[in-house]
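> Have a look at this one.
The values are calculated or read from the model by the stated rules, or taken from the named source; none is laboratory data. What you see is a predicted model, and the numbers here were worked out from it, not measured in a lab. Cβ sites come from the backbone with ideal geometry, for glycine too, and all protein chains shown count toward neighbours.
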């Protein structure tokens, strides 16, 4: 999605064309070629987009489990990535002129799928990226 929007080519470009293999443990987010329909529909509503390395997803997954006793799948952990990168978040807030709104802001992280992960797979996930 990021590549399609950044280039303006939408579904006219694939990550393989720029040397990315598209392999990731965040399989719920892995899209080699973006959807033209989705890109055009959400682009006017989207104000930010980010990429996250697999290792960071596992760090976030373990952190949420350790601190809140909530298990979510690796793909869902991407929703927390920018919230915990204060410098990136600060730049975004300034760019969007949101400084005066942040005291009343509510952050929503869309986190799904944890209850569907088999126990064996969950244990594998918890060991990855260590």
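> Tell me yes or no: at least one residue of region 10-32 is on the phi > 0 side of the Ramachandran plot, surrounded by fewer than 16 Cβ atoms within 10 Å (Cβ to Cβ), within 16 Å of the chain's Cα centre (by Cα) and not assigned by TED's automatic domain parsing to the domain that holds residue 82.
Yes, some residue in region 10-32 is on the phi > 0 side of the Ramachandran plot, surrounded by fewer than 16 Cβ atoms within 10 Å (Cβ to Cβ), within 16 Å of the chain's Cα centre (by Cα) and not assigned by TED's automatic domain parsing to the domain that holds residue 82.
> Then there's this: Suppose we filter 122, 85 for residues that are touching a residue at least 12 places away in the same chain (Cβ under 8 Å) and not assigned by TED's automatic domain parsing to the domain that holds residue 27; which single one remains?
122
> To continue, here is another question. Considering every residue within region 119-128, establish whether at least one is closer than 21 Å to residue 7 by Cα and either surrounded by 11 or more Cβ atoms within 10 Å (Cβ to Cβ) or modelled with pLDDT under 85 (or both).
No, that holds for no residue.
> May I ask you to say which residue of 11, 21 is in a loop (DSSP other than H, G, I, E, B) and at pLDDT 85 or above?
Just one listed residue meets the conditions, 21.
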